[in-house]
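A quick write-up on the structure given underneath.
The values are calculated or read from the model by the stated rules, or taken from the named source; none is laboratory data. Keep in mind the model is a prediction, meaning the values are calculated, not measured. Backbone-built Cβ (ideal geometry, glycine too); neighbour counts: all protein chains shown. Just so you know, the surface numbers come from the protein's heavy atoms only, side chains and all, with ligands and any DNA or RNA stripped out. Shrake-Rupley method; radii C 1.70, N 1.55, O 1.52, S 1.80 Å.
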Amino acid sequence: MNHQKIYESIIEKAKSENRNKLKKKHKDYIYYERHHILPKCMKGTDDKDNLVLLTAKEHYVCHKLLTYIYSGNKKLMHAFWRMTWDKQGNKKLTSLDYAYARELKAKFPINIWNKGHRGLQHHSTETKRKMSESQKVK
């Protein structure tokens, strides 16, 4: 299987569609993620010609392809791992699940969650106050 060719075809298709990020309330809204064509860990830049908008599924697939194209690149492996596994490293997602989750988050942002050392945690105002107090040096 020619992973490079598949990667390039996804990128070219996305470029040819002249995709734009629209406001979530726009009637033609589609969830897109910004992707570095040449990854930043490989000296890729934030220049416009190195960026493309991909659907969540395309983005996931491209990162998986990059792990095959540049096998052994630990930073690319880590980027793909972060898209595939939760913080505890025990839940595998498919590209469809990842796309669905990202699209849901884009449509219905969840601002009540806090990142804790054990993943996403929800804390009441009272719990936050108590945690803050417990961290203060006495």
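Of Lys57/Lys128; Lys27/Lys48; Lys25/Lys75; Lys24/Lys57, which pairs sit farther than 24 Å apart, going by alpha carbon to alpha carbon?
On the way: Lys57/Lys128 36 Å; Lys27/Lys48 26 Å; Lys25/Lys75 35 Å; Lys24/Lys57 18 Å.
The answer is Lys57/Lys128; Lys27/Lys48; Lys25/Lys75.
When the accessible area of segment 1-100 is computed with all protein chains present and a 1.4 Å probe, what percentage of it is carbon and sulfur? Write down the numbers at each step before the final one.
Values: 3780 of 6990 Å².
Carbon with sulfur: 54 percent of the solvent-accessible area.
May I ask you to order 4-17, 56-69 by the average number of other C-beta atoms within 10 Å around their residues, highest value first?
Values: 4-17: 13.9, 56-69: 20.0.
Going from most to least packed, we get 56-69, 4-17.
Zone of Ile69 (label point 7 Å along Cα→Cβ, backbone N under 14 Å): which residues in segment 13-31?
The answer is 13-15.
Please work out the Cα center distance from segment 19-33 to segment 40-88, rounded to the nearest Å.
Answer, in whole Å: 22.
Write down the accessible area per residue of segment 1-69 in Å², having rolled a 1.4 Å probe over the full set of protein chains. Could the numbers behind the result be given before it?
Numbers: 4600 Å² over 69 residues.
I get 67 Å² per residue for segment 1-69.
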